[in-house]
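Novice: Structure provided below as structure tokens; questions to follow.
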Amino acid sequence: MATKPENDSVSSIIKNVQFNWVHLGKAVSPFGTEQWDIRIDVPKKRESELAVYGNPKAVMKDGKPTGMVSINLKKRAILRDGGPAKKVRCVGQDKNVDIDPNIVGNGSTGNVMVIQKPYKMVGPNGKVTKEGISTMLIAIQVMSLVEYKPTGGVDFDSFDGDNEKMDAAEAADDQF
């Protein structure tokens, strides 16, 4: 579903996706720019649908394809004028109830709202050097929640190796 406002931007809803690597509660800065972001995954048969919003990549697990493809969606946390941007809205099945984005864990499913807008970058000589369509994340609707529960540290009870393996792991840590 897409709607087109008067300013050449188009808003769309990408339905029935899986959420992973959700960074919507607190902005992150992976490339020097504060942003909120999320990875959405869909079955490979929907790859062409995702291609409208980004460059789909195969989802791998243990070095093997899972049959899913993904794209990353983001929104800048700082406006061009330096002020704070409006956060990405996170709602539940009842669209009127906001939910805490910090509890949305990997494997949660739902819908994503994005807005796309054409852009042109003009060089000092007045020529267009780059143009395309930017996609910005607006909101997510969580239909099935897998709650994220952070751990407070290393779970030593889960290690079932012998002392030699533990010593090798400690030695590896000392090299970095």
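Novice: Which one of ILE78, ILE71 is touching a Ser or Thr at 6+ places or on another chain (Cβ under 9 Å), of a type in the set (Val, Ile, Thr) and in contact (Cβ under 8 Å) with a residue 40 or more places away in the chain?
Specialist: Numbers: ILE71 fails: in contact (Cβ under 8 Å) with a residue 40 or more places away in the chain.
Going through ILE78, ILE71 in turn, just one is touching a Ser or Thr at 6+ places or on another chain (Cβ under 9 Å), of a type in the set (Val, Ile, Thr) and in contact (Cβ under 8 Å) with a residue 40 or more places away in the chain: ILE78.
Novice: Of the residues that sit in the stretch 67-90 and are in contact with a strand residue (DSSP E or B) (Cβ under 8 Å, 6 or more places away or on another chain) and aliphatic (A, V, I, L, M), which one is nearest to SER48 (Cα to Cα)?
Specialist: Only one residue fits best here, namely VAL69.
Novice: Out of curiosity, is VAL88 out of contact with any helix residue (DSSP H, G or I) (no Cβ under 9 Å at 6 or more places or on another chain), touching a residue at least 60 places away in the same chain (Cβ under 8 Å) and surrounded by 18 or more Cβ atoms within 10 Å (Cβ to Cβ)?
Specialist: The answer is no for VAL88.
Novice: When you go through GLY63, GLY67, GLY54, GLY32 one by one, which is the residue that is in contact with a helix residue (DSSP H, G or I) (Cβ under 7 Å, 6 or more places away or on another chain), surrounded by fewer than 16 Cβ atoms within 10 Å (Cβ to Cβ) and not aliphatic (A, V, I, L, M)?
Specialist: Result: GLY67 is the single residue among GLY63, GLY67, GLY54, GLY32 that is in contact with a helix residue (DSSP H, G or I) (Cβ under 7 Å, 6 or more places away or on another chain), surrounded by fewer than 16 Cβ atoms within 10 Å (Cβ to Cβ) and not aliphatic (A, V, I, L, M).
Novice: Just name the residue that is nearest to TYR53 (Cα to Cα) out of those in the stretch 128-155 that are at pLDDT 90 or above and in contact with a Phe, Trp or Tyr (Cβ under 8 Å, 6 or more places away or on another chain).
Specialist: Step by step, filter the stretch 128-155, then rank; the result is THR135.
Novice: In the stretch 115-127, how many residues are surrounded by 10 or more Cβ atoms within 10 Å (Cβ to Cβ) and either of a type in the set (Lys, Arg) or at pLDDT below 85 (or both)?
Specialist: 1
Novice: Shifting gears a bit: In this structure, is VAL42 under 17 Å from the mean Cα position of the chain (by Cα) and crowded, with 18+ Cβ neighbours inside 10 Å?
Specialist: It is true that VAL42 is under 17 Å from the mean Cα position of the chain (by Cα) and crowded, with 18+ Cβ neighbours inside 10 Å.
Novice: Further question on the same structure: If ALA51 passes every condition in (1) farther than 18 Å from TYR148 by Cβ; (2) touching a Lys or Arg at 6+ places or on another chain (Cβ under 9 Å); (3) small (Gly, Ala, Ser) but one, which one does it miss?
Specialist: It is condition (2) that ALA51 fails.
Novice: Which residue pairs have Cβ atoms under 8 Å apart, sit 6 or more places apart or on different chains, and have a first residue in the stretch 123-152 that is over 17 Å from GLY25 (Cβ atoms) and among the charged types (D, E, K, R) and a second that is modelled with pLDDT under 90 and in a strand (DSSP E or B)?
Specialist: LYS130/LYS120; LYS130/MET121; GLU131/TYR119; GLU131/LYS120; GLU131/MET121
Novice: Can you name every residue in the stretch 28-50 that is in contact with a Ser or Thr (Cβ under 9 Å, 6 or more places away or on another chain) and either among the hydroxyl-bearing types (Ser, Thr, Tyr) or in a strand (DSSP E or B) (or both)?
Specialist: Listed by number, the residues that qualify are GLN35, ARG39, ILE40, ASP41, VAL42.
Novice: When the stretch 86-110 is examined, which residues are found to be part of a loop (DSSP other than H, G, I, E, B) and either of a type outside the set (Val, Ile, Thr) or within 27 Å of THR66 (Cα to Cα) (or both)?
Specialist: Residues satisfying the conditions are LYS86, LYS87, GLY92, GLN93, ASP94, LYS95, ASN96, ASP100, GLY105, ASN106, GLY107, SER108.
The values are calculated or read from the model by the stated rules, or taken from the named source; none is laboratory data. No experiment lies behind these values; they were computed from the predicted model shown. Cβ coordinates were reconstructed from backbone atoms using ideal geometry, including for glycine residues, and neighbour counts include every protein chain displayed.
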